[in-house]
Amino acid sequence: MNRSLGARLNRDWPLLAMTAPAALLLLVFHYVPTLGNVIAFQDYNPFMGNSALDAFLHSDWIGLGNFETLFDDSAFWDAVRNTLSITLFQLVFFFPLPIILAILLSSVASAKLRSFVQSVSYLPHFFSWVLVITFFVQMLGGAGLLAQELRRHDLPMWDVMTNPSTFIILVTSEAVWKDVGWGTIIFLAALAGIDPSLYEAAAVDGAGRWRRLWHVTLPGIRSVAVLLLILRLGDGLSVGFEQYILQREAVGRQAAEVLDTYVYYQAIIPQQWGLGAAAGLFKAGIGLALILIANKIAHGLGEQGVYSSR
Amino acid sequence: MGAGAVAGFGLGLGGWHVGCSKRASAQGAATSAAEIAALLPECRPVQLVLPDIEAQQPLPNGYLKYPSPLVRAIADRPGRSGRTIKTMSPWWGPTPPGLGRNAFLDAVNTELGISVNPSVQDGNTFADKLSAMLGARDVPDVLAAPMWEIDKIPRFADAVKALFADLTEFLSGKAVRAFPMLATLPTVAWQYCVWGGRLAAVPFPRDNPFPWALFYRKDLTDRAGVGVPKTIDELYAFGKAMTDPARGVWAFGGIFDMIQMLFKCPGSKGGWRKRVGGGLEYKFETAEFRQALEFTSRLFKDGMVHPDLVASKGGDAMQLFHGGKIIAVQNGLGAWAGSQSEQSKVTAGYNIQPMPIFSALGGDPLAWGAQDPVFYTFIKKGLGKERTQEILRVLDWCAAPFGSTEYELNAYGVEGRHFTRAEDGSPVPTDLGRRELAGQYSFIGGRVPVIVATADVPHFVQDFFAYTTSTIRYLEQDLFEGIKIALPPNYSKTIIATEDKLNDVLRGRRPLSDLHQIVREWRNSGGDEGRAFLEKTLIRNGR
């Protein structure tokens, strides 16, 4: 039944009013800044003309020149490769951990113990990266606690903070230490949403612990897990910034340069804004493609995914 | 993060036609010494107190006794409009309390007759703030920025033209007489305040020409019975002797610049010298640099560099030095007196001294030198003539020389609150003084530099002149002296990328034999472009 626009407005205006601030926020802080992407196609000089807008209008158009510079730069591809390796590594070795921890937590019977473990594991999430890395350096660095103990007992040194070949394990461990607890929140909510009668029915049918996990728990959180996985994939070319910039010198550019640090060193510091915007666009393009593909696959497997066209 | 976050929507790359487009093309620029000379302010020195040590340029005058009584240098209050002046300046230390919670600011603002509201930013990350601020064209009324950050910014002449006031009409030639204290600043420093043919900044002149010194903890080496190294082998032995991991002590912080200097790598404009047979060569291309790289990578390999500095960018060498965890660091001479004064209160017997320089290759040593100012202070464009003059009067107040009451208030704060007087009459900072003073006024306006004896750092003046006068004999002639140079962006960019690669060699992640390839990449990605630009600049200046 098609109502007239006026009638629909009349009916829906409280809802529209409620969404308006969020829509405005999105417009002002996301869609308008998106227009700034034009500088990816300019030899952007922020000091042209009399205002920032003038600078956009008067900078030279150089077509795809910035992208050519970018794609010609082997350091850029190093950064892309590092970023993707870290993302893939963390998909395998980080992504499942919050799920496991959440299942373990939800099976702890004592509410007191459970909330204690939760609080302790959430806490590191609120530490800044500077603090987390300082903590790791103080513990595992060459002048840290572990190194001093090893020295005292004349044991061989274990060089983990400055070893480029194990850097990917180091950053993943840091990320796990910082965020695994925080990551459980959403899965705990999903677990709480599973109907307890399903467990009872399965138990009556003779299902043991593992069978209940496999046939009730995991299917119960599958749609949430898939949703998070797709979102993570879309963000695949962002692995964080502070964590890498802080440790970049320790292991070198070859191992630690990710796309965001590349943009910082090659575009922001030397003020090559056009090049930085080009790298940002590249990143967004790949991210969008990854989301679309992952979503398609999710649909194929009968999941809802992030959105559905139906 | 910055431009990375700018991207909002995706575009398929597949169908793009690549090949018919231009690359970004910012050029370098140089203003010749002759053009600059026509713009310079008249120099009218004012000497309120006769110096005990009258030094030759580029060294400052020295004072062994604190003068009394002080002289009032400026009669009128600089501020008239009553409108707050917002400033931004760097500081290497804890952030001081802001306006309204800071008695030092209140005291100086009362004296100025106007409210100056400083935003003091961490000097180590100043470039990040500066880049974003310039890119957004959003600058405060007064901006003081270190010259080494300004030098890295491509198209800075464009930025000056778009964002900062042209001070030529106020300061050039005789016009500077309206600001008699600014007129005392040395001509050498003003030479570098020209961009695009306009006088655009007020300089903070340096008090010595040396960018680096190698400081060591004399109290600790004396206790260990280790002497001051006089050869490069002795420096290595010094490192071996002073490193004691079991006690958490390592000999060195990052000292690669100093090692390059000891190996006599060239230092003009970052490292250029004339090549035998014509043209210029950069330090990366020299045998001296290769040796310096090899030596420093040995220091890393043999575990003489503090692991915290090896492991993280966050490691603070000076803090570890103060704690006795590092024995030798490189720093500017400007860090000397402050470190001694502050740490004497923390560590009994604390003694920081610069190591006399020597040549790693035999013969005379080489001292890198520079004459450009430490900071440049810019005034925002479009404030109007009267407001600009008012701000210049505030900077004029800040430029009042040693021996004036203004200088004392600027440098030490209020007697009884921020400092007390020692028996010899010299000011000694109190805890409040150390907390509240952070260069809020001294960094936005330079003064004629002086070295003054104060009771909190006894012997400093003697030590300072002993070091500088013995080092100045070996000062390298700056090829580009008095020429204002904006380097080509491709060149500045490739320096950053190459330093990353050299870091890999230093830390042993790449073999020394890769140096050849690193230099070739450097040449192709902007090094040769920089060379051609600088060679042309020299020819145009008849050098």
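Do you know which of the residues in segment B:24-38 that are crowded, with 18+ Cβ neighbours inside 10 Å and away from chain A (no Cβ under 14 Å) is modelled with the highest pLDDT? Checked segment B:24-38; the qualifying residue modelled with the highest pLDDT is B:I36.
If you check A:V117, A:V130, which single one turns out to be of a type in the set (V, I, T), within 30 Å of A:L213 (Cβ to Cβ) and surrounded by 14 or more Cβ atoms within 10 Å (Cβ to Cβ)? Step through it out loud before you land on a result.
Numbers: A:V130 fails: within 30 Å of A:L213 (Cβ to Cβ).
Of the residues listed, the single one that is of a type in the set (V, I, T), within 30 Å of A:L213 (Cβ to Cβ) and surrounded by 14 or more Cβ atoms within 10 Å (Cβ to Cβ) is A:V117.
Taken over segment A:52-89, the criterion of being within 21 Å of A:I286 (Cα to Cα), buried (at least 16 other Cβ atoms within 10 Å of the Cβ), more than 7 Å from chain B (Cβ to nearest Cβ) and at pLDDT below 90 is satisfied by A:D73 alone.
Does A:V224 meet the test of being more than 13 Å from chain B (Cβ to nearest Cβ) and either modelled with pLDDT of 85 or more or assigned to a helix (DSSP H, G or I) (or both)? Answer is yes for this residue.
On inspection, B:V519 fails the criterion of being more than 28 Å from B:A37 (Cα to Cα) and either within 11 Å of another protein chain (Cβ to nearest Cβ) or free of Cβ contacts under 8 Å to residues at least 24 places away in the same chain (or both). The single condition among (1) surrounded by 15 or more Cβ atoms within 10 Å (Cβ to Cβ); (2) part of a helix (DSSP H, G or I); (3) free of Cβ contacts under 8 Å to residues at least 12 places away in the same chain that A:G49 does not meet is (2). In this structure, A:G252 does not qualify as crowded, with 16+ Cβ neighbours inside 10 Å, among the small types (G, A, S), at pLDDT below 85 and at positive phi.
Meeting the requirement of 1 or more residues that are basic (K, R) and touching a residue at least 12 places away in the same chain (Cβ under 8 Å), the strands (runs of 3 or more DSSP E) wholly within segment B:185-252 are B:213-217.
Would you tally the residues in segment B:480-499 being within 22 Å of A:S165 (Cα to Cα) and crowded, with 18+ Cβ neighbours inside 10 Å?
Just the residues of segment B:480-499 that are within 22 Å of A:S165 (Cα to Cα), to begin with: B:497-499.
Still in the running and crowded, with 18+ Cβ neighbours inside 10 Å: B:497-498.
Summing the residues that are within 22 Å of A:S165 (Cα to Cα) and crowded, with 18+ Cβ neighbours inside 10 Å in segment B:480-499 gives 2.
For segment B:413-421, the criterion of being in contact with a Leu (Cβ under 7 Å, 6 or more places away or on another chain) and surrounded by fewer than 21 Cβ atoms within 10 Å (Cβ to Cβ) is satisfied by at least one residue.
Listed here are the residues, each with its yes/no results for (1) touching an Asp or Glu at 6+ places or on another chain (Cβ under 8 Å); (2) at pLDDT 95 or above; (3) part of a strand (DSSP E or B).
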{"site": "B:G382", "(1), (2), (3)": "no, no, no"}
{"site": "B:L409", "(1), (2), (3)": "yes, yes, no"}
{"site": "B:R417", "(1), (2), (3)": "no, yes, no"}
{"site": "B:V428", "(1), (2), (3)": "yes, no, yes"}
{"site": "B:I444", "(1), (2), (3)": "no, no, no"}
{"site": "B:V448", "(1), (2), (3)": "no, no, no"}
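Regarding B:V176, is this residue within 14 Å of chain A (Cβ to nearest Cβ) and at pLDDT 90 or above? No; evaluated as a whole, the condition is false for this residue.
What number of residues within segment A:1-46 satisfy the criterion of being in a helix (DSSP H, G or I) and of a type in the set (D, E)?
Taking segment A:1-46 as the starting set, the residues that turn out to be in a helix (DSSP H, G or I) are A:5-41.
Remaining after also requiring of a type in the set (D, E): A:12.
Count: 1.
Screening the candidates B:D106, B:D122 for the property of being out of contact with any helix residue (DSSP H, G or I) (no Cβ under 8 Å at 6 or more places or on another chain) and at pLDDT 95 or above yields one hit, B:D106.
The values are calculated or read from the model by the stated rules, or taken from the named source; none is laboratory data. Bear in mind that the values here come from a model prediction, so they are computed numbers and not experimental data. Cβ: placed from backbone, ideal geometry, glycine included. Neighbour counts: every protein chain shown.
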